[in-house]
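The block underneath contains the structure these notes are about, expressed in structure tokens.
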Amino acid sequence: MATQGLVSVVADNKVLMKIVAGCDGMFGYRVATQLRAQWPVTAERAYEIAHEMQFGCRSCLVVMTEDDEFDDCDSVLSPRYRETFDDPQFNPRWDHGTADFVEVVQVQPTA
């Protein structure tokens, strides 16, 4: 099912990670649950979690942190991914920034 999904991890109003999927976005809540339980995780681990939870597919799943990016997409990502990283509700796959399913995970800042 082609449903956009977005999971953002936020601490003290700062986006730490965004996980963006172009399909199976309805499973974002599964990813959010796992991230809450396992935080902190690397971008690569978040990608694995999303894949395990059937959130997105290998060709549409992107995990970004402030400094890192993990994906298996064939195409170059739009600059919009970086430009909108700090907005936890913005889906960078679309100009309008909307997604069918959005989850914001609040975590404690790490030292």
Checklist entry - Yes or no: Phe85 in a loop (DSSP other than H, G, I, E, B) and crowded, with 17+ Cβ neighbours inside 10 Å? => result yes
Checklist entry - What are the residues in region 53-94 that are under 24 Å from Asn13 (Cα atoms) and charged (D, E, K, R), if any? => result Glu66, Asp67, Asp68, Glu69, Arg80, Arg82, Glu83, Asp86, Asp87, Arg93
Checklist entry - Ser78 versus (1) surrounded by fewer than 16 Cβ atoms within 10 Å (Cβ to Cβ); (2) more than 15 Å from Val105 (Cβ to Cβ); (3) within 12 Å of the chain's Cα centre (by Cα): which is the lone unmet condition? => result (3)
Checklist entry - Within region 20-39, can you find the residues that are in a helix (DSSP H, G or I), of a type outside the set (A, V, I, L, M) and open to solvent by 10 Å² or more (accessible area, probe 1.4 Å)? => result Phe27, Tyr29, Arg30, Thr33, Gln34, Arg36, Gln38
Next on the checklist: Looking at the structure I just gave you, is Val20 in contact (Cβ under 8 Å) with a residue 40 or more places away in the chain and in contact with a helix residue (DSSP H, G or I) (Cβ under 6 Å, 6 or more places away or on another chain)?
Outcome noted: no
Checklist entry - Which is modelled with pLDDT of 95 or more, within 15 Å of Cys23 (Cβ to Cβ) and among the hydrophobic types (A, V, I, L, M, F, W, C), of Phe55, Phe85? => result Phe55
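The values are calculated or read from the model by the stated rules, or taken from the named source; none is laboratory data. Please read all numbers here as calculations on a predicted model, not as lab measurements. With ideal geometry, Cβ positions are generated from the backbone for all residues, glycine too; neighbour counts draw on all protein chains shown. Quick note on the areas: whole protein, heavy atoms, side chains included, nothing else; ligands and nucleic acids left out. Shrake-Rupley method; radii C 1.70, N 1.55, O 1.52, S 1.80 Å.
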